[in-house]
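This report refers to the structure that appears directly beneath it.
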Amino acid sequence: MSRPNLTKTLVSDDFMAYYWLKTELVSFCRTEELPSSGSKGDLTERIRHYLETGQIKKSVRKTTKTDMPDKFSRETVIGKNWRCSQSLRAFFEQEIGSKFHFNGVMRDFIKQDGVGLPLQAAIDCWHEAQQQPASEKEIGAQFEYNRHFREYFKQNPGATRQEAIAAWNEKKAKRK
């Protein structure tokens, strides 16, 4: 069976069984007058809900006040609701170097795991994560293409990049 068109008559399970580009999801949301902002995961959940119930699930904008200091030090305690801001990035670049970036580990640490701990703990967390082999680092669910490649090469040692791309295209055409 080929991939069906994304319309409001599509059954939710069929929608969830196939791969959709974010541009397709946004286009569907606009056509059906659903909120079209958010991550691919947000859009997928919104469309799934709409197809199941016929109801529009409003996007929820989280606007929590964040009290972050103007200046940071290694002793500064990470507060609740901190953001991965430009000023915090500048602090980490000063302490760690220009190779610093907010990866998934650091975002999680700032937003939840490190709340109540000093920024020194975040620096230590960054260094520990850098020691971990790339093949062991978790790839976020939104990076489905990257996850496919890792899994494909794990299951097919010695496969070529072209074979992995062909498998990806086949997976996109009909998801199992």
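Read-outs throughout are calculated quantities, based only on the coordinates presented, and are distinct from any laboratory measurement. Keep in mind the model is a prediction, meaning the values are calculated, not measured. Cβ sites come from the backbone with ideal geometry, for glycine too, and all protein chains shown count toward neighbours.
Each residue of the range 33-47 in turn: what ³J(HN,Hα) in whole Hz from Karplus with 6.51, -1.76, 1.60 and θ = phi - 60°, glycine and Pro shown as x?
Here the 3J(HN,Hα) series is 6, 9, x, 10, 9, x, 6, 4, x, 4, 5, 4, 5, 4, 5 Hz.
Out of the chymotrypsin sites (Phe, Trp or Tyr not before Pro) in the range 67-176, which ones are loop residues according to DSSP with at most 14 other C-beta atoms within 10 Å?
Phe143
How far is helix 144-155 tilted off the main Cα axis of the chain, in degrees rounded to 10, range 0 to 90?
Helix 144-155 and the main axis of the chain meet at about 90 degrees.
Rounded to the nearest 20 debye, what is the charge dipole size of the chain about its Cα centre when +1 sits on each Lys and Arg Cβ and -1 on each Asp and Glu Cβ?
Dipole about the Cα centre, nearest 20: 500 debye.
Expressed as a rounded percentage, what relative contact order does the chain have, with Cα pairs under 8 Å and six or more residues apart?
Relative contact order comes out at 23 percent.
Where in the range 26-132 are there GluC sites (Glu not before Pro) that are in a DSSP coil and have at most 13 other Cβ atoms within 10 angstrom of their Cβ?
Glu33, Glu75
Taking the alpha-carbon set of the chain, what are its Rg and Dmax in Å?
Here Rg and the maximum Cα pair distance are 20.5, 59 Å.
Could you size up the charge dipole of the range 1-61 around its Cα centre, putting +1 on the beta carbon of Lys and Arg and -1 on that of Asp and Glu, and report it in debye to the nearest 20?
240 debye
Once label points are set 7 Å from the Cα along Cα→Cβ at both Arg30 and Gln112, what is their separation, rounded to one decimal in nm?
3.3 nm
Mind checking which aspartates and glutamates have their C-alpha under 16 Å from Lys40, skipping anything on the same chain fewer than 8 residues away?
Glu24, Glu144
Would you calculate a helix-derived [θ] at 222 nm for the chain, using -39,500 (n - 2.57) for each DSSP H run of n ≥ 4 and dividing by the full residue count, to the nearest 500?
-14000 deg cm²/dmol
With labels modelled as points extended 7 Å from the Cα through the Cβ direction, what inter-label distance (nm, one decimal) is found for Thr66 paired with Lys171?
3.2 nm
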